[in-house]
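Step one of this worksheet: look at the structure below.
The values are calculated or read from the model by the stated rules, or taken from the named source; none is laboratory data. Given the structure is predicted, the values throughout are model-derived calculations rather than measurements. Cβ atoms come from the backbone with ideal geometry, glycine included; neighbour counts cover every protein chain shown. With ligands, DNA and RNA removed, areas are computed over all heavy atoms of the protein, side chains included. Shrake-Rupley method; radii C 1.70, N 1.55, O 1.52, S 1.80 Å.
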Amino acid sequence: MEFQEALMKLVIHKTPTHHHKDFFHSISGKDEKVVSKKQKWKISFHRSSSAKTSQSGHQVQSKSIPEEFFCPISGSLMADPVIVSSGHTFERVCVEACKKLDFAPILKDGSVPDFSTVIPNLALKSTIVNWCQTHLINPPKPFDFSKAEELVRSLSSKKPKTQIEKDVPSVKLDHAVTELIRSRSEESVSAVTTTPTQPLQLADSTSCYSSASSSSEIETLTTPNINEEEEYFLTKLKSHQVFDIEEALITLRKITRTQESSRVVLCTPRVLSAFRSLIVSRYVNIQVNSVAVLVNLSLEKTNKVKIVRSGLVPDLIDVLKSGSPEAQEHACGALFSLALDDHNKTAIGVLGALQPLMHMLRSGSERTRHDSALALYHLSLVQSNRTKLVKIGSVPVLLSMVKSGHMTGRVFLILCNLASGSDGRAAMLDSGAVDCLVKLLKGSELDEPTREGCVAVLYGLSQAGLRFKGLAKAAGAVEELAKVERTTN
């Protein structure tokens, strides 16, 4: 009996040990369970590590951790996540190790990350830390550079195109290490099974999508796939004559607006690279037409991620800040189109598009305001972008637009997204959202869409608990909501 008790203490309290092989081999076996005293202890010796037991006595298992919290290279929880030029997110030391060894992995979706630019992903880092605190888990510790270098060196020693079966490892909860947060990941912390993921392909060549790559490198990498149409337009776009460039852009704008096949054929790394200088051109016609062509290319679903990874989003943001009105209109349309893809949402927010879009929402043309509002709506589906919108002071601006009756339908869509998060609800309650919405409901000339928008936002705010109840009671929300109920019935 004493031996059994000692064994139980050893299994429960022993700090898990990390082994290098845990990055690549998933550990099979049944999950350990903690049961009440009336039940027998069931211990499995097949797992290399077990999750920490929380104060409530329930075990937090690896499958409960969102997949997006893991580094695609190391497979561990990220302690210092960074977003690279291609839009992917990795552990910082893994990126540094890849750059030092001149190694670029081919990810499971077939893309090659571009490590030329590294931006701290503070939103994801905060999300991981908050998640760990909520589940009574120690935040991940920084990943050791020597181990990262050893890991990358072992990957680079493999032959190109060799597939490594990469399983989701048992999680080291007190250790450090994701891909981009996809919009659906914040909406639930659903179980992530430990079944093997897609094989990870490796390549020793650098990414042809790199924003730092020279045109000669890009040409070398893509020459076998060049077609005559692409070659013709590239020659025109790289011409020293402004007339030739304008002529090529006008033609491109026409054919990509009507021909879906041309959008796919012409959305190549070389063509997108040529657009980088044209989008920020000092010639208005060149800037306007180049951004318009980019809008047309982004209409094709398969092109959306390509465009973001080509590094064109910062150029579009520059157009929003200082471009011509017509170019700004097209830039808003392009960002709206790109934001429709879940893989792009976090990257666009991290690259700084939210503040300029908020400015366009108030000061642009009708079409500019329309597209910027829809872009903000789709971007705010991601928790990290909702947090950024709160921090840049968007809530008071959006509420003032509601009060003025300006674009209320689209503004309500954004407010509903913000109300789905605790930080957004707090900011809206601080800004007097309850009183503002109830006053709108009291209006005699309120149209049905606005009434529905008010009720939807109030429903989101009701998740704030007692504070909302107090503010709603003071504003007379109960009476107004009862009237709405009688009217709709």
Label-point gap, in nm, between Lys403 and Gln133 - each point 7 angstrom along Cα→Cβ: 3.2
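Place a +1 charge on the Cβ of each Lys and Arg in segment 395-489 and a -1 charge on the Cβ of each Asp and Glu, then give the dipole magnitude about the Cα centre in debye, rounded to the nearest 20. Walk me through the intermediate numbers first.
Details: 11 positive and 10 negative charges, 38 e Å.
The dipole magnitude comes to about 180 debye.
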Exposure rank, largest accessible area first [Lys469, Lys391; 1.4 Å]: Lys391, Lys469
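Over segment 225-383, average the accessible area per residue using a 1.4 Å probe and give it in Å², no decimals. Walk me through the intermediate numbers first.
Working: 6330 Å² over 159 residues.
I get 40 Å² per residue for segment 225-383.
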Lysine pair number, Cα distance threshold 16 Å (strictly under), segment 353-483, separation 8 or more or different chains: 7
Cα-projected label distance for Val478 with Leu122, points at 7 Å along beta-carbon direction, nm: 4.3
Table column - 3J(HN,Hα) (Hz), segment 333-342, Karplus curve with 6.51, -1.76, 1.60, x for Gly and Pro: x, 5, 5, 4, 5, 5, 6, 5, 8, 4
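Dividing the Cα convex hull volume of segment 67-156 by residue count, how many Å³ per residue is that? Walk me through the numbers before you get to the answer.
On the way: hull volume 7.7 nm³, N = 90.
Cα-based convex hull of segment 67-156, divided per residue, equals 86 Å³.
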Percent RCO, i.e. relative contact order, over segment 225-383, from Cα pairs under 8 Å lying at least 6 residues apart: 19
